[in-house]
1. Could you give every pair whose Cβ atoms fall below 8 Å, whose first residue belongs to region 85-111 and is over 14 Å from residue 25 (Cβ atoms) and of a type in the set (S, T, N, Q), and whose second residue is assigned to a strand (DSSP E or B) and at pLDDT 95 or above, counting only separations of at least 6 or pairs across chains?
2. If I filter region 29-39 down to residues being charged (D, E, K, R) and without any contact (Cβ under 8 Å) to a residue 40 or more places away in the chain, which single residue comes out as farthest from residue 100 (Cα to Cα)?
3. Between a residue in region 40-64 that is closer than 14 Å to residue 94 by Cα and any residue that is surrounded by 14 or more Cβ atoms within 10 Å (Cβ to Cβ) and basic (Lys, Arg), which pairs come within a Cβ distance under 9 Å, given they are 6 or more apart or on different chains?
4. Quick check: anything in region 29-43 in a strand (DSSP E or B) and modelled with pLDDT under 90?
5. Mind checking whether some residue in region 12-24 is in a strand (DSSP E or B), under 18 Å from residue 91 (Cβ atoms) and modelled with pLDDT of 55 or more?
6. If we keep just the residues of region 78-121 that are touching a Gly at 6+ places or on another chain (Cβ under 9 Å) and farther than 21 Å from residue 50 by Cα, which is modelled with the lowest pLDDT?
Amino acid sequence: MHTIIQPQNHRRHRLNAEKAAVASFRRPSYDCREQPDAVKLIVYVPGVDPAGVEIETSGPDVIITARKAHFVRVNWQALHLESAQRDYQLRLRLGHGLDYHALQAELHEGVLTISFPKLNPAGGAAGLSRVA
C-alpha cells in the first residue's frame with residue numbers, strides 16, 4: 001500500500017503563526033510629531049515598566065513592544081480580562097532619513113517618549129506612515 005504525503009505549505013503555517021503573535025498584542029495609542037532636527041514619537045503604554053520596553057529597528061521600520069508586569073493573584077478567577085491585560089506592540093515605518101542608532105527613549109507614568117534624530121536636519125520631511 002502506498003501512502004501519499006502532501007507537501008506542507010510552510011509559508012501558510014508561518015503566516016498563521018505571525019497572525020497569532022500579532023493578535024496576542026494590542027496596538028497602543030500614539031502621537032508622532034516632526035521637529036526641525038528630530039521625529040518625536042509618544043506612545044501611551046499604561047502599566048508598563050521600563051524593563052518591559054523593547055525597541056527594534058529594521059531599515060525604515062520601528063517595532064516597539066511593551067510588556068506589562070503580569071501578577072497572579074492568590075484568589076485568581078477568570079473574569080475575561082485577558083484582552084485588557086494584553087501587552088502592547090506598535091509597528092511604524094518612519095523612513096530612511098532618521099538615525100535609529102542615536103534614538104533617545106524615556107518612560108514616565110505610562111508615557112513612552114522616543115526621539116529619533118534626523119540624519120540631515122536641514123533636508124526635507126521624513127515620510128511617516130503605518131506598517132500593517
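1. Note: pairs meeting the criteria are 104/114; 104/115.
2. Per the stated criteria, the residue is 31.
3. That search, which allows pairs on different chains as well, returns 59/93; 60/93; 61/91; 61/93; 62/91; 62/93; 63/91; 64/91.
4. Looking for residues that are in a strand (DSSP E or B) and modelled with pLDDT under 90, one finds none in region 29-43, hence no.
5. Let us first name the residues in region 12-24 that are in a strand (DSSP E or B), namely none.
No, because not a single residue in region 12-24 is in a strand (DSSP E or B), under 18 Å from residue 91 (Cβ atoms) and modelled with pLDDT of 55 or more.
6. Filtering region 78-121 for residues that are touching a Gly at 6+ places or on another chain (Cβ under 9 Å) and farther than 21 Å from residue 50 by Cα, the one modelled with the lowest pLDDT comes out as 120.
The values are calculated or read from the model by the stated rules, or taken from the named source; none is laboratory data. Computed from a predicted structure; not experimentally measured. Here the Cβ is made from the backbone with ideal geometry for all residues, glycine too, and neighbour counts use every protein chain on show.
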